[in-house]
Amino acid sequence: MPRMKHPVPVPCEVPGCGRPAYVLRLCQSHHRHSLKRTPGSTEPLPAIRPYRKRTDGTVKFAGLRLSRLCVARLRKKARKRGLSNGAAIADVLEAWANRSARRSRR
């Protein structure tokens, strides 16, 4: 039998969270944190970073929100070099970090 969803989403019970509850009145992030805690701990659950606001013109690519132009360039680079999307992103970030390090040594 399929699980019934709440007709109105219930918010996470952690003060200030506001994300929809997933299980045991906690959102997914707070639920994951609660599983890592020592049983019987009274320590409050940590605050969760807010979601990054979605802006028009961005798409999800390899777990990141990027502009369509950026995604097109990364896909082209990945195809050209025979890389995965994640490896293409890593190449771009490594090149950027190396350029920044060279500039700071001057």
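Where a number appears in this text, it was derived from the coordinates with a stated rule and is not lab data. Predicted model, so just to flag it, every value in this text is computed and none were measured. All Cβ positions, glycine included, derive from the backbone under ideal geometry; neighbour counts span all protein chains shown.
Can you give the relative contact order of the chain as a percent, counting alpha carbon pairs under 8 Å and 6+ residues apart? Present the calculation step by step, with values, prior to reporting the outcome.
On the way: 72 pairs, mean separation 11.5, N = 106.
So the answer I get is 11 percent.
Once you charge only the Cβ atoms, +1 for Lys and Arg and -1 for Asp and Glu, what is the size of the charge dipole of the chain about its Cα centre, to the nearest 20 debye?
Magnitude of the dipole: close to 880 debye.
Label-to-label distance, Arg68 versus Glu43, with points set 7 angstrom from Cα along the beta-carbon direction: 4.7 nm. Starting from the Cα gyration tensor of the chain, take the square roots of the eigenvalues, sort them a ≥ b ≥ c, and report rounded, prolate or oblate (rounded when a/c is under 1.5, otherwise prolate if a/b is larger than b/c, else oblate). Prolate is the answer for the chain, as a/c is 1.5 or above and a/b outweighs b/c. Think of the chain as a dipole: +1 on every Lys or Arg Cβ, -1 on every Asp or Glu Cβ, centred on the Cα centre; then among Leu24, Ile89, Thr38, Ile89 lies furthest on the positive end. Cysteine residues of the chain whose C-beta has no other cysteine C-beta under 4.7 angstrom: Cys70.
Label zone (Val8, point 7 Å along Cα-to-C-beta; backbone nitrogen cut-off 19 Å) within region 25-46: 25-27.
For Asn98 and Asp56, a Förster radius of 41 Å and the Cβ-Cβ distance give a FRET efficiency of 0.80, rounded to the nearest 0.05.
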